[in-house]
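Everything on this sheet refers to the single structure shown next.
All of the numbers you see were taken from the coordinates with simple rules; none came from a lab. Just so it is clear, the model here is predicted, and its values are computed rather than measured. Every residue, glycine among them, receives a Cβ derived from its backbone with ideal geometry; neighbour counts consider all protein chains shown.
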Amino acid sequence: MLQTLRDSFKNPELRKKLLYTIYILVIFRLGSAIVAPFVNASALKAVIGDSNNFFGLLNTFSGGAFGKATLFALSISPYITSQIIIQLLTIALPPLERLAKEGELGRRKINKITKFTTIGMSLLQAFGYYTIVRASGGIAKEFMSGWQMYFVATVIVLTLTAGSGVVVWMGDRITEKGIGNGISIILFAGIIAGFPQQAQVLLEKFMQGGINYILVPAILLVMAAMIVFIIIMTEAERRISVQYAKRVVGRKMYGGQSSFIPIKVNMSGVMPIIFASSLLSLPATIMTFAQPKPGGFWDGLKNMMSPQSMVYGVLYLILIVAFNYFYVAVQYNPIEISNNIKNNNGAIPGIRPGKPTSTFIGKIISKITFIGAIFLGIIAVFPILFNSITKIPVALAGTTIIIVVGVALETMRQLESQLMMRHHKGFLE
């Protein structure tokens, strides 16, 4: 990895792209430090708490900008939500399904629809953010009545909406003129920006005697083992062999070669964990505002849905497996894959074209999906078990590590391909 980065900076064109990416990320971090007008960020600490609710998840993905009420507090969460909505509508609505099959032009139109949807989601989330800030006492009382209340609400909502739009625009600029997928790079930068704060919390707890010094090397070994395990499972794939028949076009013969269809073990990425975390964090988020009486039913429900409880861990694992199957079913259609193979004069050795091929591919995808779901479940549940045993707050470590490792691998892969394209050996070499 270090050698790839060193070689990239030696190449003038790649160096320009890397510096442009760094420049955009610096602007992103500056915007994440400028507090929005009329907001007292200190009032949000009680709402976010110890990152066990939905707001803590958003705060982690935004690199702490959500908890500080900055210009980029919403970060890319409206864009991610819009992408999920459009992906689901692509299956339900025939016009969007036809656009998805039109190639590059169709993808551009869908991307434009996603951007317009992002504006609507940004306005909705910004108003929700204003409601949270107002309920937590983050706005001065003199701005809570009369025309001033509507003015302050409008300014905050439009500021956060504009900030979300700027973040998406910066992601597009990275994709166009920088290195890697811009939205993923910004998400990566936000998560990395929160690591020093988490390390500081662990260090303070260690200095106060809350962490046994014997556990320090154990924590480092566990983190290293998780990273290695995630890399192995992220790169793992099941290859389905495909043999293409020979065909003569004019005086030339085409086909006849063997190929394969790669099916990754972790096809859905981190999305099932995000879905499951968001759904299970809703009760804790609602209880944050409700403030139930100690010992009552709602207080018992709040404790039961806490990430430290066994019930939460079991429900978390079940939801991850269910969402993983759902997401893969949305993304991969065995019948469509089978038809594509047949239309290209291909066939899987030993399997007849048509329904037998789609059935065979469906069985393989089902088995691979189960393995991927168990992998995501282990990564997501293990930090919670580790937290309950050692009392060390690493509840979202599994999710963040999967994102960080995935983006880092994809970016390094793109850098290596760019280096190979620009390395031409002369006749005398």
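Would you mind checking the pairs Lys16/Lys109; Lys68/Lys205; Lys16/Lys101; Lys101/Lys355 and listing those with alpha carbons more than 25 angstrom apart? Mind showing how you got there, number by number?
Values: Lys16/Lys109 30 Å; Lys68/Lys205 23 Å; Lys16/Lys101 35 Å; Lys101/Lys355 22 Å.
Checking Cα-Cα distances, Lys16/Lys109; Lys16/Lys101 exceed 25 Å.
Once you sort the root eigenvalues of the Cα gyration tensor of the stretch 128-224 as a ≥ b ≥ c, which label holds: rounded (a/c under 1.5), prolate (a/b larger than b/c) or oblate (the other case)?
Since a/c reaches 1.5 but b/c is at least a/b, the shape of the stretch 128-224 is classed as oblate.
In terms of modelled amide H atoms, which long-range or inter-chain residues lie less than 5 Å from the amide H of Val242?
Ser259, Phe260, Ile261
Please give the FRET efficiency for Leu203 paired with Lys45, using the beta carbon to beta carbon distance and R0 = 22 Å, rounded to the nearest 0.05.
The pair Leu203/Lys45 has a calculated efficiency of 0.65.
When all C-alpha to C-alpha distances in the stretch 321-362 are sorted into bins of 10 Å, what percent of pairs does each bin hold, rounded to whole numbers?
Using 10 Å bins, I get a P(r) of 30, 45, 21, 4 for the stretch 321-362.
Karplus couplings for the stretch 369-376 from phi (6.51 cos²θ - 1.76 cosθ + 1.60, θ = phi - 60°), rounded to Hz, Gly and Pro as x?
5, 5, 5, x, 5, 5, 4, 5
Given a Förster distance of 35 angstrom, what is the FRET efficiency for Lys112 paired with Ala224, based on the Cβ-Cβ distance and rounded to 0.05? Could you put the intermediate results ahead of the total?
Values: r = 43 Å, r/R0 = 1.23.
With R0 = 35 Å, the Cβ-Cβ based efficiency is 0.25.
Amide H of Lys264: which non-local residues (sequence gap of 5 or more, or other chain) have their own amide H closer than 5 Å, using H built in the peptide plane?
Arg238
In whole Hz, with x marking every Gly and Pro, tabulate ³J(HN,Hα) for the stretch 344-357 from phi via Karplus 6.51 cos²θ - 1.76 cosθ + 1.60, θ = phi - 60°.
9, 6, x, 7, 7, x, x, 10, 6, x, x, 4, x, 5
For the stretch 1-125, state the semi-axes of the equivalent ellipsoid (square roots of 5 times the eigenvalues of the alpha-carbon gyration tensor), sorted largest first and rounded to whole angstrom.
Square roots of five times the eigenvalues give 30, 28, 13 Å.
Amide H of Thr70 versus every other amide H placed in the peptide plane: which residues, excluding those fewer than 5 positions away on the same chain, fall under 5 Å?
When sequence neighbours closer than 5 places are left aside, the close amide H contacts are Ala36.
Using a Cα-Cα cut-off of under 24 Å, which lysines could be cross-linked to Lys293, ignoring same-chain neighbours fewer than 8 residues away?
Filter leaves Lys45, Lys302.
Just to verify a number: FRET efficiency for Leu215 and Val314, C-beta to C-beta distance, R0 = 35 Å, to 0.05?
In this case the efficiency is close to 0.85.
What's the Kirkwood radius of the stretch 70-188 in Å, using all Cα pairs?
15.9
Sort the following peptides by mean Cβ neighbour count (other Cβ atoms within 10 Å, averaged over residues), highest first: 415-421, 188-194, 26-32.
Taking the mean over residues of other Cβ atoms within 10 Å, the ranking is 188-194, 26-32, 415-421.
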